[in-house]
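As structure tokens, the structure follows; a few thoughts come after it.
The values are calculated or read from the model by the stated rules, or taken from the named source; none is laboratory data. Predicted model, so just to flag it, every value in this text is computed and none were measured. Please note: Cβ atoms are built from the backbone with ideal geometry, for glycine as well, and neighbour counts cover all protein chains shown.
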Amino acid sequence: MKIAQLIVVACALVAFAGCATAPEPDLFASGTCPPKVLRQFDPIYPFDLYQKGVTGEAVVEYTIDINGNVTDAKLIKATHAEFGILSLDCIRKWKYRPSMKDGHPVEVIQQHVFPFENAKR
């Protein structure tokens, strides 16, 4: 029984060789490593909205190209227009280690939710 478990573990290690973290099975096929954030920033909370206690979020969809750059960023939804504008500006500055498939970088499309929560409320 222990030999069978060791074989399963060894196969899993070989399948994910070169990946820093195991990919999510429902998002990335076998042999594919997901992108990894190398540099990210949080959007600045608009002062006037903070003072008023306005909270919300913005959802941004974007492509991570083969060089790890964010391209084609678009706003999916935002609870306030300023949250959307600031989130788009922010995501364009992020940098990734690109997703890899069979040892080659590939483009992937992702979404990110930027929460704007106000402790003042």
Which members of the stretch 79-121 meet the condition of being buried (at least 18 other Cβ atoms within 10 Å of the Cβ), under 15 Å from ASP42 (Cβ atoms) and touching a Gly at 6+ places or on another chain (Cβ under 7 Å)?
PHE83, PHE116
Unmet requirement for ILE66, which otherwise passes all of (1) at pLDDT 50 or above; (2) under 23 Å from GLU107 (Cα atoms); (3) of a type in the set (A, V, I, L, M, F, W, C); (4) loosely packed, with under 12 Cβ neighbours inside 10 Å
(4)
Name every residue in the stretch 50-69 that is without any contact (Cβ under 8 Å) to a residue 40 or more places away in the chain, within 17 Å of CYS33 (Cα to Cα) and not in a loop (DSSP other than H, G, I, E, B), in order of residue number.
ASN69
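Which ones in the stretch 89-120 are closer than 22 Å to LYS52 by Cβ and either in contact with a Phe, Trp or Tyr (Cβ under 8 Å, 6 or more places away or on another chain) or not in a strand (DSSP E or B) (or both)? Quick ask: steps written out before the conclusion?
Pass one, the stretch 89-120, residues closer than 22 Å to LYS52 by Cβ: 89-90, 113-120.
Matches in the stretch 89-120: ASP89, CYS90, PHE114, PHE116, GLU117, ASN118, ALA119, LYS120.
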